[in-house]
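Provided herewith is a single structure, encoded as structure tokens, for subsequent inquiry.
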Amino acid sequence: TEKKVRKTSQFREVMKRLRRNKIAVAGMIIFLFFVFIAVFAPLIAPYGYRETNIMDACATPSLKHPFGCDDLGRDLLSRLIYGTRWSLGLGLASTAFGLFFGIIIGSIAG
């Protein structure tokens, strides 16, 4: 009798190997969490990143401002949440920059 050989796609193989690597899965979950925060920052942040309140200047952490306020009265939690956009953008841009020039230099060297 002939056995049926089931072909698996390359994507399925990659996903199977990825699921075995717990650290890679944890890293992917953390990365996706930060992407979620960056995309939905206006909905998550309690205040706008430029919003100031002089009465709350240099406020210590409280229920109103969990991370406190800076010397201009801006909420530090909101600024941290909006800062994920800059951090992810800079990280992705520098990776793309390195990839681009790495391919060029590697091609020349090869």
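Return the FRET efficiency for the residue pair LEU18, PHE40: r is the Cβ-Cβ distance, R0 is 30 Å, and the value is rounded to the nearest 0.05.
0.75
On the protein heavy atoms, probe 1.4 angstrom, tell me the percent of accessible surface of the chain carried by carbon and sulfur.
With neighbouring chains kept in place, the figure for the chain is 68 percent.
Peptides 52-58, 7-13: what's the order by average Cβ count within 10 Å, highest mean first?
Ranking, from highest mean packing down: 52-58, 7-13.
Taking 8 Å as the Cα distance limit and 6 or more residues as the minimum spacing, I'd like the relative contact order of the chain as a percentage.
Dividing the mean separation by the residue count of the chain yields 20 percent.
Anything in the chain that counts as a DSSP H helix reaching 20 Å or more along its axis (C-alpha) with Kyte-Doolittle mean of at least 1.0? List them, would you?
22-39, 76-109
Which value in Å does the Kirkwood hydrodynamic radius of the chain take, with 1/r averaged over all unlike C-alpha pairs and then inverted?
18.1 Å
Using a 1.4 Å probe, what is the accessible area per residue for segment 46-106, in Å²?
72 Å²
Could you check the simple spin-label distance between THR52 and PHE67, using points 7 Å along Cα→Cβ, in nm with one decimal?
Taking the two extended label points, one gets 1.9 nm.
Let me ask you something else. Run the simple label-point estimate for MET28 and LEU88 please: 7 Å along Cα→C-beta, distance reported in nm.
Once both label points are built, they end up 1.7 nm from each other.
The values are calculated or read from the model by the stated rules, or taken from the named source; none is laboratory data. Predicted model, so just to flag it, every value in this text is computed and none were measured. All Cβ positions, even for glycine, are placed from backbone atoms using ideal geometry, and neighbour counts span all protein chains on display. Just the protein is used for accessible areas: all its heavy atoms, side chains included, with ligands, DNA and RNA removed. Shrake-Rupley method; radii C 1.70, N 1.55, O 1.52, S 1.80 Å.
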